1. Cα convex hull of region 75-167: mean projected area in nm², to one decimal?
2. Using only the Cα atoms of region 161-219, construct the convex hull and provide its projected area averaged over every direction, in square nanometres to one decimal.
3. Please work out the average accessible area per residue across the chain, using the 1.4 Å probe convention, and give it in Å².
4. Angle check, please: helix 75-88 long axis (alpha carbons) against the longest principal axis of the chain (alpha carbons), in degrees 0 to 90, nearest 10.
5. Ignoring ligands, DNA and RNA, please state the percent of accessible area on the chain from carbon and sulfur, probe 1.4 Å.
6. Can you list the residues, at least 5 places off or on another chain, whose amide H is less than 5 Å from the amide H of ARG152, using H built in the peptide plane?
7. Using helices alone, what [θ] at 222 nm do you get for the chain, with -39,500 (n - 2.57) per DSSP H run of 4 or more residues, divided over all residues and rounded to the nearest 500?
8. Working only with C-alpha atoms, what are the Rg and Dmax values of region 165-277, expressed in angstrom?
Amino acid sequence: MDGSGQANGPRPAVAETAPLYATAYGLQMRPFALASDSGAIYWSDAHRRAASVLEYGLMSAAPVTLLTGEIGTGKTVLVQSFLARLRSGALGAGYRAVPVEPGPGGRRAILAAVLAALGRPLPALADDEIGDLTLSLELQRAVLAERAAGRRLVIVVDEAQSLSDAALEALRQLTNIAAEPATVQLTLIGQPELAARLRRSELRALAQRVVARGELGPMSAETVASYLAHRLRAAGGSGAELTAEAAQAIHAATGGIPRLVNQLADFALLCGWSLEL
């Protein structure tokens, strides 16, 4: 979830980072901050299922894992948590996390981004097929070097719906390098239109490689109430600063989208403080 979760370690004193209403409610920090924190996730059932999809894709050596969800449902924080666990070895040894940020451009741009994420210098490239071949060969060398070191590359792309078809196809082709046993795994995180695009004939080769897939939906009314109380307690409160009626109204107004829940809950506390409720 966006900025959701449990406070870890000692809570900071009320300071400039706390909202105006903090003292009035007995809070020690802003309970509904939007900043993502992979170490402080509120694990709803939906988020646990989504995390399980990512882990299943990893453990089953799936060539491609796909996770989709609407804007604000918490995909990015899940990705950050997944990457952190990969890097720490919590999901097992022998993996190298390769987070890639999508940008404009097609095949060459995404392959250059993968090289950059691997920390390898970009070779001098001619603006023609020879340059494309040079880039492909450099990536093959990088993949094979990781395999020789006993590591599997896990390429993770958040907001993957922004990639062009050419970029998506280039990523698929990376999974062909040293495919037995799998040396490159691709994890794509994006909005629902990404799943719709994979149903098109132009991307059927990529779709056929999706072994693990999941969809992250909004929170239920019960989960919203639990989430609000949890976040309030994590900020130093009792958890009852927002009533059950307020929780129901927040769910009804936001549809259970975590980012919107955060925004409205924060505004509700501010209004309550200003009206001395």
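The values are calculated or read from the model by the stated rules, or taken from the named source; none is laboratory data. Please read these numbers as outputs of a predicted model, since none were measured by experiment. So basically every Cβ, Gly included, is an ideal-geometry build from the backbone, and we count neighbours across all protein chains shown. Accessible surface areas use protein heavy atoms only, side chains included; no ligands, DNA or RNA. Shrake-Rupley method; radii C 1.70, N 1.55, O 1.52, S 1.80 Å.
1. Averaged projected area of region 75-167's Cα convex hull equals 6.4 nm².
2. For the Cα atoms of region 161-219, the hull's average projected area reads 4.5 nm².
3. For the chain, the solvent-accessible area averages 47 Å² per residue.
4. 60
5. Numbers: 6970 of 13010 Å².
That fraction is 54 percent.
6. Amide H to amide H, under 5 Å and 5 or more residues apart or across chains, ARG152 pairs with TYR95, ARG96.
7. Working: 11 runs with 126 residues, N = 277.
About -14000 deg cm²/dmol.
8. Spelled out, the Cα radius of gyration and Dmax of region 165-277 are 21.4, 66 Å.
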